[in-house]
Amino acid sequence: MPLASALPAHHDRTGRLVTLGPVTDANWRAVADLAPHDEQRRFVARYLLLSLREEVWTSLAVDAAGRTVGHVMWAYDADEDAHWIGGMLVDAAEQRRGVGRAALTLLLDGLAAAPGCREIRLSVHPGNTAATRLYTALGFRPTGLVEDDEAVLAWTPPA
């Protein structure tokens, strides 16, 4: 996939190299086996299945030191002229190491480099305080919109 192949890598807090790549025949099972903490399950849809079913989302595997540790998906909505991050999952055993921050930074960099990218949006459940903190720290701001009971946040690429 062009976006993933053009992205540089970032490091997590433990120094591991974090990269994004396509979900392929070789790694789909590792992505499907990812599991959040039990208390996070209500926030996490089965993103891989959703991205395959709807054919709107582009799924990316999140790798740290060459091992699949997460999944993120994105899409472009032409009606809204905005890119969307549809969800991210970092395996429970890999959380609190900076993997999610590194993966989102990579994705934001890649999407912002797309010609004409003016805004990147995502939605977050009000009870998902850890995700909200991360998104806010990366520069996402509330739009005042709500989608499926989730607050819509937006990030504007630097000029």
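Observations on the structure shown:
- With a Förster radius of 22 Å applied to the C-beta separation of residue 138 and residue 30, the computed FRET efficiency comes to 0.30.
- Net length available on complete extension from residue 55 to residue 93 is 10.7 nm, with 0.36 nm assigned per residue and the Cα-Cα distance removed.
- Of the trypsin sites (Lys or Arg not before Pro) in the stretch 74-159, the ones in a loop by DSSP (not H, G, I, E or B) with at most 13 other beta carbons within 10 Å are 96, 118.
- Local electrostatic count, residue 119, Cβ distance below 12 Å [Lys/Arg +1, Asp/Glu -1]: 0
- Rounded FRET efficiency, nearest 0.05, which uses the C-beta distance separating residue 14 from residue 130 and R0 of 22 Å: 0.75
- Charge context of residue 93, other residues only, Cβ under 12 angstrom, K/R +1, D/E -1: 0
Read-outs: derived from the displayed coordinates by stated rules, not from any lab. Keep in mind that what you see is a predicted model, and the values were worked out from it rather than measured. So basically every Cβ, Gly included, is an ideal-geometry build from the backbone, and we count neighbours across all protein chains shown.
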